[in-house]
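The structure appears below as C-alpha cells.
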Amino acid sequence: MNRIKIFLTELEEEALTTRKMLERVPTEKFDWQPHTKSMTLKRLATHVAELPSWIAMTINTDELDFAVNSYQPVEITQTEGLLTYFENNMIEARSVLIDKNEIVLDEPWTMRSGEEIYSTRSKAEVIRMSISQTIHHRAQLGVYLRLLDIPIPGSYGPSADEISF
C-alpha cells in the first residue's frame, strides 16, 4: 500500500469520530471557554473542522508564509455550518489523496513567517502532522464537551457515556 492510500484510510477512519464529536458541539455554547488562555468552543471546533484542508494545502503548495497569508478563521454561526465546513474540507482532502500525488510526498514543505522558518518537513510528514493535529484537537474538544456535561462519543471503543457500569 502506498502512503497516499495509508493517509486516505486513516483520514476516513478518524473522520468518523471527528464528525460525531462536531455534531455534539452546541451552538448556544460557542463562546464558552474553560480558561482565559484556552480557545473558545467555537474556535476549537472550527479548527478541528478546518484541519483536513491542510492536506490539500500541503500537496498543492511548497510553503505557508504567515507574513503574506494572514490567517482568518472561517466564521461559523451554527453547528450545522461547522459540519458542512468539515465535510467540504474532507472533500478537498480526498481530492488530493490520489495515487498521482505519491511522487510529491518527499518534497519539502515549509512553515514560516517571513524570514523566520518554523519548520521544513517533507509533505508526507506535514500530512501526518495534520492528521495527528486533528486527533489532538478532537481530544481537547472532548474535554470541553465533558466539562459542559455533554456526552462524548467513543474514539477507539465506547466512551464512558456509551457503556453502563
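The values are calculated or read from the model by the stated rules, or taken from the named source; none is laboratory data. Everything numeric here is computed off the predicted structure, so don't read it as measured data. Backbone-built Cβ (ideal geometry, glycine too); neighbour counts: all protein chains shown.
Brief remarks follow.
- Residues in region 3-49 that are of a type in the set (Val, Ile, Thr), under 20 Å from Glu80 (Cα atoms) and either free of Cβ contacts under 8 Å to residues at least 12 places away in the same chain or in contact with a strand residue (DSSP E or B) (Cβ under 7 Å, 6 or more places away or on another chain) (or both): Thr40 only.
- Only residues that are surrounded by fewer than 16 Cβ atoms within 10 Å (Cβ to Cβ), hydroxyl-bearing (Ser, Thr, Tyr) and in contact (Cβ under 8 Å) with a residue 12 or more places away in the chain were counted in region 123-143, giving 0.
- Inside region 59-95, residues that are at pLDDT 95 or above and in contact with a His (Cβ under 9 Å, 6 or more places away or on another chain) make up a count of 0.
- Scan of region 64-95 for residues that are exposed (fewer than 15 other Cβ atoms within 10 Å of the Cβ) and not in a helix (DSSP H, G or I), ordered by number: Phe66, Ala67, Val68, Asn69, Ser70, Tyr71, Gln72, Pro73, Val74, Glu75, Thr77, Gln78
- Counted residues, region 98-132 - those being hydrophobic (A, V, I, L, M, F, W, C) and outside any helix (DSSP H, G or I): 5
- From Ala56, Ala45, residue being over 18 Å from Ile135 (Cβ atoms) and surrounded by 15 or more Cβ atoms within 10 Å (Cβ to Cβ): Ala56
- Test for Ile103: is it exposed (fewer than 12 other Cβ atoms within 10 Å of the Cβ) and closer than 13 Å to Ile4 by Cα: yes
- Qualifying residue in region 144-159 (condition: loosely packed, with under 13 Cβ neighbours inside 10 Å and part of a helix (DSSP H, G or I)): yes
- Between Met39, Met21, the distinction of being in contact with a Gly (Cβ under 9 Å, 6 or more places away or on another chain) and either part of a strand (DSSP E or B) or closer than 22 Å to Pro151 by Cα (or both) belongs to Met21 only.
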